[in-house]
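Please treat every number below as a calculation from the coordinates, not as lab data. Quick caveat: nothing in here was measured; it's all calculated off a predicted structure. Glycine gets a Cβ as well: all are built from the backbone with ideal geometry, and neighbour counts include every protein chain shown.
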Amino acid sequence: MSTNFEMYDRRLREIRHLGQRAVGWQFQFRAWPEIGITETQAWLRQLDDAEWIKDEYGRNYTVDEFLEAVEACANGQQRGLYGRDWRDADGNTFCGAEFS
């Protein structure tokens, strides 16, 4: 089972996919190269602009609750890299294309 997360960016006024958690796997981070989100620190900074965060089932999360959900995946299996994916300096897997 997997769960996708999204946020509403109050600065850019858009909904943005944050990534996906899947049982047994590390969190898959969604990159947004066009706005400079290609590594962990930039990804974390975007959360400062989150008006809300929710999962695909409609559950709402505070930033802290969401980060706990991401951290809970830290010991999962590392995801494979495909043509659209990369790992940043922290070892987190990012995808620059839409996925679900």
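When GLN26 is tested against (1) surrounded by 18 or more Cβ atoms within 10 Å (Cβ to Cβ); (2) in contact with a Leu (Cβ under 9 Å, 6 or more places away or on another chain), just one condition goes unmet, and that condition is (2). Screening TRP32 against (1) under 13 Å from the mean Cα position of the chain (by Cα); (2) touching a residue at least 12 places away in the same chain (Cβ under 8 Å); (3) more than 18 Å from PHE99 (Cβ to Cβ) leaves a single unmet condition, (3).
Conditions tested, residue by residue: (1) in a loop (DSSP other than H, G, I, E, B); (2) under 25 Å from ARG84 (Cα atoms).
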site: GLN41; (1), (2): no, yes
site: LEU47; (1), (2): no, yes
site: TRP52; (1), (2): no, no
site: GLY58; (1), (2): yes, no
site: GLU65; (1), (2): no, no
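Just so you know, in the range 8-23 the residues that are surrounded by 15 or more Cβ atoms within 10 Å (Cβ to Cβ) and closer than 20 Å to TYR82 by Cα include one that is farthest from the chain's Cα centre (by Cα), and it is ALA22.
Restricting attention to the range 1-39, which residues are part of a strand (DSSP E or B), among the charged types (D, E, K, R) and in contact with a strand residue (DSSP E or B) (Cβ under 7 Å, 6 or more places away or on another chain)? Answer for the range 1-39, where residues must be part of a strand (DSSP E or B), among the charged types (D, E, K, R) and in contact with a strand residue (DSSP E or B) (Cβ under 7 Å, 6 or more places away or on another chain): GLU6, ASP9, ARG16, ARG21, ARG30. For the range 47-100, the tally of residues that are basic (Lys, Arg) and out of contact with any Ser or Thr (no Cβ under 6 Å at 6 or more places or on another chain) stands at 3.
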